[in-house]
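Quick notes on the structure that follows.
The values are calculated or read from the model by the stated rules, or taken from the named source; none is laboratory data. This structure is a prediction, so every number in the text was calculated from the model and none was measured. A quick note on method: Cβ atoms are made from the backbone with ideal geometry, for glycine too, and the neighbour counts reach across all protein chains shown.
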Amino acid sequence: MPVPLNRQNSYEEDKEFYPNSAPKYSDYKIINTKKRKFRELVFFLKVAFFCLTTVALTFVLLSVNLQPLFAFPIAFVSSLAIINLIPHLIELFNT
């Protein structure tokens, strides 16, 4: 009659190799949902404002007969600059 082999599981090998590893669980931390929801709202407002400014700037640049090859990248970069400058301008005028 065959004798079953004494095989170690990979989990047991890892346990022996990393004896001081962190626990597999963590304590429940309460998340401030109002702050998180506000940040998500601000993120989506930034995305919407970026889209609107890109479209508006592209329209203006194309209406002055600028080639589309140049109009789209200029509008894209300008919109990124506007989106990044708005928080700095708000801080500047609030102080």
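It is to be established whether one or more residues within the range 27-37 are surrounded by 10 or more Cβ atoms within 10 Å (Cβ to Cβ), modelled with pLDDT of 70 or more and part of a helix (DSSP H, G or I).
yes
Being modelled with pLDDT of 85 or more, small (G, A, S) and under 25 Å from the mean Cα position of the chain (by Cα) is true for just one of A71, A75. Which residue is that?
Exactly one residue qualifies, and that residue is A75.
Are there any pairs with C-beta distances below 8 angstrom linking a residue in the range 28-57 that is touching a residue at least 12 places away in the same chain (Cβ under 8 Å) to a residue that is of a type outside the set (A, V, I, L, M, F, W, C), with the two at least 6 apart or on different chains, and if so which?
F50/S79; T53/S78; T53/S79; T54/S79; L57/S78; L57/S79
Looking at the range 47-68 only, could you name the residues that are of a type in the set (S, T, N, Q) and not in a helix (DSSP H, G or I)?
Those that are of a type in the set (S, T, N, Q) and not in a helix (DSSP H, G or I): N65, Q67.
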